[in-house]
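Scroll down for the structure; my scribbles are underneath it.
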Amino acid sequence: MNWPARIARLRFVAAIALCSCGQAPAAPSGASSDAGADSEGGQSPEASATVVASITVNQAVTAGKIPPGFVGLSYEKAHLTDGFFRASNAPLVGLLKLLGPSILRVGANTVDETTWTPAGPGGTDGQIAKPDVDAFAALVQAAGWTSIYAVNLKTSTAPMASDEASYAAGALGTSLYGFEIGNEPDLYTSTAVEPTWSYESFKTEWESFAAAIRTAVPSAPLTGPAAASDYSDYTVPFASDEAATIGLLTEHYYRDNSASPTATVGELLSADSLLADMLSTVAAAAKKNAIANGYRLDEANSLYNGGKQGVSDTFASALWAIDLLFTNVRYGSSGVNFHGGNTPGWYTPIADADGAVVEVRPIFYGMLLFALAGSGNVLTTSVEASVALSAYAVAAADGSTRVVLANADSTATAHATVDLGKTGSAASVTRLTGPSLAATTGITLAGATITASGAWTPGPLPSIQVTGSTLVIDVPPASVALINAQ
């Protein structure tokens, strides 16, 4: 993204209330695993100590719910013209199917920099033509996803937007989740119509566009306002003013500016004291105004302005993504769309060039692990450990308990005893590993890499002995364990 005015950013809350972290005595350096721990979780080359951790899952108290389609993707509208979005792009379809089904949002900065040109040939920079929309719709349908499709507000007109929406609605059919009008209006200073700008200006223009779209497509679902950060002055009043019109309230979030000297791996994994306020405020606005599908971060990632090499493209981003997703669950979000696209595009989950997938980045691995944890109620957990260990638990529909243990420490292994809160019979573990928090390659999930061809072939999942309601597992530094306990 390219927003120089976005200096003061929200800060991510890494220490979330889904788990409480205390202190536990450290075991001697090199201490071995207790009987019952799986044998697959070896020490990382950096490991120098093992510390004892205790995790307790409370099966009686929920801390949120993961609905289907929680992990989505977001792209620039201009991506419609470069040949990337097409049903024949098998690697992209494969990667979407790994994560989904979910919501693919197209919009962002370039939605207000592209012009609807229905008679155009397609594939032309700055123009969105019918062939571009057709190809995008075919991709979404091939993957089994739905789409939030944005139209230009800043430099377009209501009649043009309604004409484009009418065509997109026909092409997408049941794959249309909703229309978004404009992008980050809290950063506008003017539009084609308004020389000066305020929330009231936005409201007036948005409503004129919405009315035109609804005239062309009476049943058109609408979302908004897709604010950058000013949720108090834009998102909250918008929820009240447009409650009868929209089906989803949307907000954006980035940890920091990629150009900031504070934008480091350490900051990415540190507490963001303002995120909880943003999420709770937006959640309250959605609930108070009875927005049908609640709210969603339909654009989010680590560092705006494309991310930062050595931070956004590292294994640390996978752990950050897992924490961000579970934090959103706690505050009642309906999901998160991770923004990306292009190369280098350091924050992108899927790197692409010339219309093809070229690399799957570490953050995608974190997103996929979360998706593997499944839908269901998130249970309250408590943690006692002297290591940076996050713990989350999901009560799955099949009666299993999925426990996610993320160790963000760079050197210490967590020797964890997990009380599932109910008797179990067996468990398996899916591990997400990397050489270090700063690693950009060598990432594996269930012992396998995710290839640029869209393939992921996980190995056999190691079993863990469950004694009563308890199991023991080692979580090496810079790694995540997803436990599936029956």
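The values are calculated or read from the model by the stated rules, or taken from the named source; none is laboratory data. This structure is a prediction, so every number in the text was calculated from the model and none was measured. Glycine gets a Cβ as well: all are built from the backbone with ideal geometry, and neighbour counts include every protein chain shown.
No other residue among L95, L80 is within 26 Å of L372 (Cβ to Cβ) and either in a helix (DSSP H, G or I) or of a type in the set (A, V, I, L, M) (or both) apart from L95. Does S166 satisfy being within 27 Å of D230 (Cα to Cα), surrounded by fewer than 23 Cβ atoms within 10 Å (Cβ to Cβ) and either polar (S, T, N, Q) or out of contact with any helix residue (DSSP H, G or I) (no Cβ under 6 Å at 6 or more places or on another chain) (or both)? No; evaluated as a whole, the condition is false for this residue. With respect to the stated conditions, L249 fails to be farther than 19 Å from P159 by Cβ and touching a residue at least 60 places away in the same chain (Cβ under 8 Å).
The listed residues are E184, E207, E194, E200, and the only one of them that is surrounded by 19 or more Cβ atoms within 10 Å (Cβ to Cβ) and in the same structural domain as E113 (by TED's automatic domain parsing) turns out to be E184. The test for being in a loop (DSSP other than H, G, I, E, B) and assigned by TED's automatic domain parsing to the domain that holds F84 does not hold for S147.
Taking the listed residues V193, V236, the one that is in a loop (DSSP other than H, G, I, E, B), in contact (Cβ under 8 Å) with a residue 12 or more places away in the chain and not small (G, A, S) is V193, with no other qualifying. Could you list, in sequence order, the residues of the range 400-432 that are more than 19 Å from A385 (Cβ to Cβ) and in contact with a strand residue (DSSP E or B) (Cβ under 7 Å, 6 or more places away or on another chain)? S400, T401, R402, K422, G424, S425, A426, A427, S428, T430 - these are the residues of the range 400-432 that are more than 19 Å from A385 (Cβ to Cβ) and in contact with a strand residue (DSSP E or B) (Cβ under 7 Å, 6 or more places away or on another chain).
Scanning the range 456-486 for residues that are surrounded by fewer than 17 Cβ atoms within 10 Å (Cβ to Cβ) and more than 21 Å from T381 (Cα to Cα), we see that the one that is modelled with the lowest pLDDT is G459. Pairs meeting the criteria (first residue in the range 302-320 and surrounded by fewer than 24 Cβ atoms within 10 Å (Cβ to Cβ), second residue assigned to a strand (DSSP E or B) and modelled with pLDDT under 95, beta carbons under 6 Å, at least 6 apart or on different chains) are lacking. When V403, V357 are checked against the criterion of being under 22 Å from L96 (Cβ atoms) and of a type in the set (A, V, I, L, M), a single residue qualifies: V357. Restricting the range 279-301 to residues that are in a helix (DSSP H, G or I) and crowded, with 22+ Cβ neighbours inside 10 Å, the residue that is farthest from the chain's Cα centre (by Cα) is A285.
Just one of the numbered conditions (1) under 25 Å from the mean Cα position of the chain (by Cα); (2) in contact (Cβ under 8 Å) with a residue 60 or more places away in the chain is not true of S54: (1).
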